Each structure stands twice: as structure tokens, then as C-alpha cells.
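The values are calculated or read from the model by the stated rules, or taken from the named source; none is laboratory data. Quick caveat: nothing in here was measured; it's all calculated off a predicted structure. Every residue, glycine as well, gets a Cβ built from its backbone with ideal geometry; the counts of neighbours run over all protein chains shown.
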Amino acid sequence: MKPYELITILGPTASGKTSFAARLAHSLNAEIISADSRQVYRQMDIGTGKDLSDYEINGNIVPYHLIDILDAGEKYNVFAYQHDFHQAFSQICRRGRTAILCGGTGMYIEAVLKGYRLLDVPENKELRSRLENKSLQELTQILASYGALHNTTDVDTAQRAIRAIEIADYTQVKNAHKTDFEPLNSLIVGIDIPRDIRRKRISERLHSRLKEGMLDEVQQLLAQGISPDDLIYYGLEYKFVTLHAMGQLGYNDMVQQLEIAIHQFAKRQMTWFRGMERRGFRIHWLPYDMPAEQRISQVTAWYNHT
RNA sequence: GGGCAGUUACCAGAGUGGCCAAAUGGGGCUGACUGUAACUCAGCUGUCUUUCGACUUCGGUGGUUCGAAUCCAUCACUGCCCA
């Protein structure tokens with residue numbers, strides 16, 4: 001069996017994966033590569049639950065990558081992630097250290113582990129405005145007219161169909177090259193947390209983040225000129241708090257709806273991880289409440305024995 | 001004490017004699033996803049059954065009727081108004 005090239009730690013939000021990954025990294029003299037589609041943004045700290053203090057173990061900062069690499073409001077996507085991941089990964093390898101991929105964005109994790117072949121397709125505003133008012137049926141026809149589909153994403157909504165057309169169109173016109181990253185052999189560890197405890201933690205964490213100034217964080221982003229729509233697109237915290245800031249949602253409704261949305265998000269994350277297992281990834285689940293030292297020695301043993 | 005309104009599945013809430021296991025929304029569960037993924041979308045959600053279907057439900061009880069969530073009586077509870 002081929003030796004592991006890295007360790008992946010995954011789990012739903014509020015499962016404690018970051019603090020575990022940091023302790024593990026500290027113990028293995030490893031570095032962490034984040035797999036979180038929202039923590040890439042600077043100034044989006046409380047709402048994305050960055051908890052940068054988690055990376056400090058016994059006074060040492062565990063090196064981490066792909067956090068705070070973009071300004072809020074900028075665009076990011078799987079392609080960029082795949083690229084950035086490999087840049088960080090090869091640096092870490094060059095230093096002779098172990099890389100720990102840790103995060104909750106299932107698609108980003110799968111993209112790098114599986115070696116998705118992607119193309120850097122920028123947003124095509126002209127194309128989008130042209131497709132804006134078309135029905136899903138029309139869009140499906142347009143997409144079909146491009147011939148071979150370049151992906152297998154469910155094209156079940158106009159939004160997804162438009163992006164698929166954008167990609168098909170770009171592929172044709174520019175004749176661009178796809179990324180060519182190899183799949184990676186990773187030990188995958190999942191943090192297993194019972195649903196009721198996960199839900200309880202999510203609720204508690206939401207309330208403490210509100211106390212920590214989550215509303216101010218959003219206010220500040222708005223004050224800097226970031227458009228409400230962009231913030232709303234970021235989802236969850238940024239969506240509901242922005243709606244509240246814009247006067248479209250009362251405080252209590254915001255808290256209530258946001259809490260529900262985060263629970264639903266955590267469920268979707270689990271659906272993705274189970275899907276990965278169905279697609280052939282072996283995930284080693286460890287209980288969320290197993291003592292850290294025990295988890296570290298277990299993971300270390302798995303990692304070394306491949 | 002008197003008057004009126006109400007009591008429907010986890011919640012909200014339609015339904016006012018047969019087409020009702022009961023609209024719709026929310027929640028919950030399961031799932032899809034190689035492209036903005038903290039997105040977006042789909043299915044299920046009384047019980048048993050893979051399906052067909054069978055069975056038990058619409059506050060309790062007792063009636064009317066071929067047939068009742070729907071009509072009548074009565075009891076209980078809730079809300080509002082008058083005392």
C-alpha cells in the first residue's frame with residue numbers, strides 16, 4: 001500500500017476539528033492547510049469561526065495556510081482553491097514536514113484528494129446578463145448545444161445551469177488547459193459527534209458569537225463598501241446578519257433563522273462526507289469526546305503504519 | 001357567573017357531510033452536487049407494507065347519517081369581551 005501523503009481532518013461545523021488538527025500538527029511538527037471556503041477572507045473572523053487562537057499550542061503557533069488570503073468581497077472558487085492548496089502543499093513537502101488538510105468544505109477536500117480536473121473559468125458578466133431571464137429548460141438546451149458536458153454537476157437550477165454554460169463556453173472559446181493534479185493518498189480522519197450534541201454546540205456558539213460582536217463585524221464590512229448582496233452570498237452568518245443590518249429582518253427572527261440555517265448546513269456537510277465514503281474514500285471516525293492525546297496517538301499510529 | 005371564538009399531524013395553519021391520511025408553509029430526516037458549494041436543488045415526513053394496499057387519526061364522550069375532521073348534544077381545556 002502506498003504511503004500516505006498527508007492527513008485530512010474533516011467534520012461538521014462545531015465538531016472541534018480545528019483544535020484537534022492544531023494539536024495533532026503540534027505533535028507531528030506538521031502544518032495545516034485549511035479547507036474552508038469562507039475562512040479565506042480577511043476580516044470575516046467571528047462569522048466564519050476562525051478561532052485563530054486554536055493554532056497556538058503551548059505558546060507556539062502552528063503554521064496554517066489558506067486562511068486570510070483574500071479581501072472580503074473578492075471571488076474565490078474550487079479552481080483557485082485547488083491551485084492554492086497545491087502551492088501550500090508543495091512548500092510544506094519541501095520543508096520535509098507533514099501537511100494536515102483540515103476543514104468542512106467537502107467539495108474543496110474532495111477536489112484536492114481526488115484531483116479534479118478543472119479549468120480557471122472567470123465570471124462572464126456579458127454571458128450572464130444574456131442568460132439571466134431564461135428558463136431552466138432553455139438553459140438546458142443551450143448547455144446541450146455546447147456538446148459534451150464538461151462536468152457532472154446536477155444542472156437542476158438556473159443558477160447551476162448558467163455556471164455550467166459559462167464553463168462550457170469558456171472551454172470552447174479559449175481552448176484552455178485543465179489543471180492536472182494527481183489524486184492524493186490521504187489518511188482521512190472524521191470527527192464523529194452525535195447529532196444532538198452537535199446541535200447544542202451550534203446553538204451555544206451562535207450566541208457567544210453574537211456577544212463577541214458578530215453584528216459589528218458585518219457592519220464594518222458594509223461600511224467599507226462591500227455590497228450587501230456579496231455578503232448575503234457568503235451565506236449563514238453573513239447572510240442573516242446583513243439582512244438584519246439592512247432592516248429586512250428583526251433581531252429575533254435573524255437569530256432564529258440563522259440558528260436553523262447553521263443546523264441545516266451541518267447536516268449537508270455530513271451528507272457530503274457520507275457521500276465521499278460511498279464514492280470510495282475511507283474515513284476513520286473518531287469520537288469528538290475522546291481525549292486529545294488518545295486521538296493523536298491513534299491517528300499517528302494509522303499514519304505511520306499506512 | 002354571562003357572551004363570543006376556538007381545540008386538526010412536531011409547529012403554524014387550510015379543510016366545514018363522500019373526491020381526506022387530511023392543502024400549504026416551517027421544522028425534521030434522507031439524498032444530489034467535478035465548478036460561485038456556508039451555494040443550489042430533490043425526495044420523504046400517522047402506523048404496517050418494497051409496491052398495490054390495509055389500518056388508526058382531526059380535544060373527550062355520545063348521537064344523527066349509507067357515510068362525519070366536517071352536523072347535533074354534552075364534557076374538558078384555551079383565548080377575547082361583559083360582570
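Observations
- Filtered residues of the stretch A:242-260 (kept if within 13 Å of RNA strand B (Cβ to nearest atom) and out of contact with any Ser or Thr (no Cβ under 9 Å at 6 or more places or on another chain)): A:T242, A:L243, A:D253, A:Q256, A:Q257, A:L258, A:I260
- The stretch A:239-275, residues that are within 15 Å of the chain's Cα centre (by Cα) and surrounded by 15 or more Cβ atoms within 10 Å (Cβ to Cβ): A:I262, A:F265, A:A266, A:Q269, A:M270, A:W272, A:F273
- Hits in the stretch A:197-222 (condition: small (G, A, S), touching a residue at least 24 places away in the same chain (Cβ under 8 Å) and not in a loop (DSSP other than H, G, I, E, B)): A:S203
- Any pair with Cβ under 7 angstrom, 6 or more apart, that starts in the stretch A:139-163 at a residue that is over 19 Å from A:S129 (Cβ atoms) and ends at one that is basic (K, R) and at pLDDT 80 or above: A:T153/A:R160; A:D154/A:R160
- For the stretch A:173-196, the set of residues classified as assigned to a helix (DSSP H, G or I) and within 12 Å of RNA strand B (Cβ to nearest atom) consists of A:K174, A:R195, A:D196, listed by residue number.
- Taken residue by residue, the stretch A:89-101 has at least one member that is touching a helix residue (DSSP H, G or I) at 6+ places or on another chain (Cβ under 9 Å) and either part of a loop (DSSP other than H, G, I, E, B) or closer than 26 Å to A:E204 by Cβ (or both).
- In the set (1) modelled with pLDDT of 95 or more; (2) surrounded by fewer than 14 Cβ atoms within 10 Å (Cβ to Cβ), A:E138 fails one condition alone, (1).
- Members of the stretch A:81-97 that are small (G, A, S) and buried (at least 17 other Cβ atoms within 10 Å of the Cβ): A:A88
- A single member of A:D229, A:D169 is closer than 30 Å to A:N124 by Cα, without any contact (Cβ under 8 Å) to a residue 24 or more places away in the chain and out of contact with any strand residue (DSSP E or B) (no Cβ under 9 Å at 6 or more places or on another chain), and it is A:D229.
- Which numbered condition A:R23 fails, given (1) in contact with a helix residue (DSSP H, G or I) (Cβ under 8 Å, 6 or more places away or on another chain); (2) of a type in the set (K, R); (3) in a loop (DSSP other than H, G, I, E, B): (3)
- Qualifying residue in the stretch A:61-77 (condition: closer than 27 Å to A:I296 by Cβ, touching a residue at least 60 places away in the same chain (Cβ under 8 Å) and assigned to a loop (DSSP other than H, G, I, E, B)): no
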